Structure formats: C-alpha cells, structure tokens
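Encoded as structure tokens, the structure appears first; notes follow it.
The values are calculated or read from the model by the stated rules, or taken from the named source; none is laboratory data. Just so it is clear, the structure is predicted and the values come from calculations on it, not from any experiment. When we count neighbours, we look across all protein chains shown, and the Cβ atoms used for this are built from the backbone with ideal geometry, even at glycine.
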C-alpha cells in the first residue's frame, strides 16, 4: 500500500526568499549609466599647426580658464548665456558678416539648403575643473540638439527622436555637430 | 441568556503567512530585473557632474570604464589626495590606458569591436590636465567613441 508522503513545510520559504532578496540588494546597483556622448578626433602623429584654412568668422571660440571663467568670441560670458550664443552662431539667421558663411548643399527631403560652415572650438586650461568643462560641453551639445529639434518640428511635425533614420540623417546634414575639443596649448 | 454568548471566541485567528513567500519573491524579481550587478569595487570617490543632454549607454557588454577621482579615505595614507586613475580593480597610470583598451578590445567579438564605447567616470572636481591626458591616450589607441558619464540635472 502506497504511503502518503507528508507535506513539506513551507514556513522557511519566506526566510530563504528574504535571504536571496538581501543578497541582490547588496550586490547590485540601481544607477542607469548615462552621459554625454562624444567622438574624439583621429590621432595624428604630427599635430597640425593651427588650421589656417578655417576662416576666423567660421570659428566659435570658447575658452575656459583655470578659474572656470568663460571667454566666448572674446567676451566674458556666463554659462547660462552660452546656449543662445551658440545657437545664433550656428544659424546665422540674418546672414551677418561676422557670423559663419553658408554653402548650398543638396539634402534629401529638403532640396537645396544653405548649410553653415561654422565650427565650435572648445579649449580649456590644464587647471579647469572637469565639472565646468562638462557644463560647457552640455550647453554646446544642447544648442545643437535644440536646433535639430526645432527643424524636425517645423519640417516633419515630429520630435527629432521619433523621426526615421534617413530623416534624422538629413537634419544632421543641415545642422552638423562640429565641436572640436582642442588640446590645451602646452608651454614650451 | 447564554444562548448568544460565544465561549472563548474573543481571540483573533492568527494571520496566515502562507502568502509571505510570494510577496518576497515578487520583491526579489523586481530587484533582479531593475538593477545591475556591481562590477568593480571603487577605490576612488566619484561625484559625477550634472548635465541635461544625456544619452543612455545601450549595450553594457560593449562598455569599458575608466574611473578618475580622489582616492578613498583608506588609501589616502598611501596615495595622497591627488586624483588617480582606476582601471578594473586596480590603480593605474596614464600610460596603462592603451594596454587596457587593447585588452578590452581583445575580449570582445571582432564584429562588435567597432561599436565599443569608453565611459569616463570622472569626479567633477578633477582638474582637466589628467582628463586631457586620458583623452590623448584614448585617441592614440583609437578608442574614439566616448561617454562622459554624468547625472541628470535636477531643475529647481
């Protein structure tokens, strides 16, 4: 005659589950990794002498000194004002002479568009605080992202992030992200 | 008279704990799904800078990390308070970065190597001198895709 097996006690199940839970609480972290994504320029054996072929009006010079002060195009600026200045530089809405030149480029979806030749040059001192440097980078990236967002809204009526890949590519052609992170000049 | 009075029925029955394991398991699964494993023990103090234009690191397996910051209290006797570089679980110098990147690259599949990202976790009070040196080393080892790790800025 088959004997009935006695029921397994389930009272300790909670304790075991608690132990597992505490183990996972201790060994894992909640933080999502996020940050400013950038691409560094290729390494060149010989550092080129300052690019003379880029005209002065096409360069947006941002200098950060050792006291974390900002010099933008020769003027002392606060970080809060940097975004507006960068946007004005990249757009050059009134085709002014001291803002960058434009050259006509054939872009899908848009046709012939005048695209700016502007380059943002960010230069820092060896003693600049990393936090300030990131804040400045953030404003510059933010300016370009805002311009792209505005263009996407006006042309496609959608947010830039929701666009198709080739639509995003077209917008990237019109508003290029050209931020050059030049290395600080070393005293020789 | 005593017809309606229950005898000894005043005590509450004990609460059943049969569903307790289920609740705890639910919590357990929540934490298992929403968190990630701690990979290295940090030897340096890092307070990340804040930013608004963040992008997420998509594929964890393709990311290699470089930590820079002030050594933790227990190491300050040996190393002082100047910011130092940590790669994996070890202290490193700027010159070690190229080897580290090559080792990280070797560990990945060949098809995935070009999608690799280097995440720089750097304390916000670090001077740019050491950061620039790291960037130059990364350029030399052709690890051009980088991510300046930062926290989301809270609007006030």
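Structure notes:
- Count - residues of segment B:47-95 that are within 11 Å of another protein chain (Cβ to nearest Cβ) and out of contact with any helix residue (DSSP H, G or I) (no Cβ under 7 Å at 6 or more places or on another chain): 13
- Residue check for residue A:99: touching a helix residue (DSSP H, G or I) at 6+ places or on another chain (Cβ under 7 Å), touching a residue at least 24 places away in the same chain (Cβ under 8 Å) and more than 25 Å from residue A:39 (Cα to Cα): yes
- Number of residues in segment A:92-114 that are touching a strand residue (DSSP E or B) at 6+ places or on another chain (Cβ under 8 Å) and either in a loop (DSSP other than H, G, I, E, B) or at pLDDT 85 or above (or both) equals 4.
- Members of segment B:106-156 found to be without any contact (Cβ under 8 Å) to a residue 60 or more places away in the chain, within 9 Å of chain A (Cβ to nearest Cβ) and in a helix (DSSP H, G or I), listed by number: B:128, B:129, B:132, B:135, B:136, B:138, B:139, B:140
- Scanning segment B:44-83 for residues that are within 14 Å of the chain's Cα centre (by Cα), in a loop (DSSP other than H, G, I, E, B) and within 18 Å of residue B:131 (Cα to Cα) returns B:46, B:47, B:48.
- Flag for residue B:98 being more than 10 Å from every other protein chain (Cβ to nearest Cβ) and part of a helix (DSSP H, G or I): yes
- Subset tally (residues that are crowded, with 17+ Cβ neighbours inside 10 Å, at pLDDT 80 or above and either part of a loop (DSSP other than H, G, I, E, B) or facing chain B (nearest Cβ under 7 Å) (or both)) for segment A:25-69: 6
- If the condition is being within 9 Å of another protein chain (Cβ to nearest Cβ), loosely packed, with under 12 Cβ neighbours inside 10 Å and out of contact with any strand residue (DSSP E or B) (no Cβ under 6 Å at 6 or more places or on another chain), then segment B:24-38 contributes only B:34.
- Any chance residue B:55 is in contact (Cβ under 8 Å) with a residue 40 or more places away in the chain and surrounded by fewer than 17 Cβ atoms within 10 Å (Cβ to Cβ): yes
- Among (1) closer than 30 Å to residue B:126 by Cβ; (2) in a helix (DSSP H, G or I) - the single one residue A:152 does not satisfy: (1)
- Pick from segment B:28-43, criterion in contact with a helix residue (DSSP H, G or I) (Cβ under 8 Å, 6 or more places away or on another chain) and part of a loop (DSSP other than H, G, I, E, B), ranking: farthest from residue A:33 (Cα to Cα): B:43
- Test result for residue A:122, in contact with a strand residue (DSSP E or B) (Cβ under 8 Å, 6 or more places away or on another chain), surrounded by 16 or more Cβ atoms within 10 Å (Cβ to Cβ) and under 30 Å from residue A:44 (Cα atoms): yes
- Each residue in segment A:123-158 was checked for being within 11 Å of chain B (Cβ to nearest Cβ) and out of contact with any helix residue (DSSP H, G or I) (no Cβ under 6 Å at 6 or more places or on another chain), and 14 pass.
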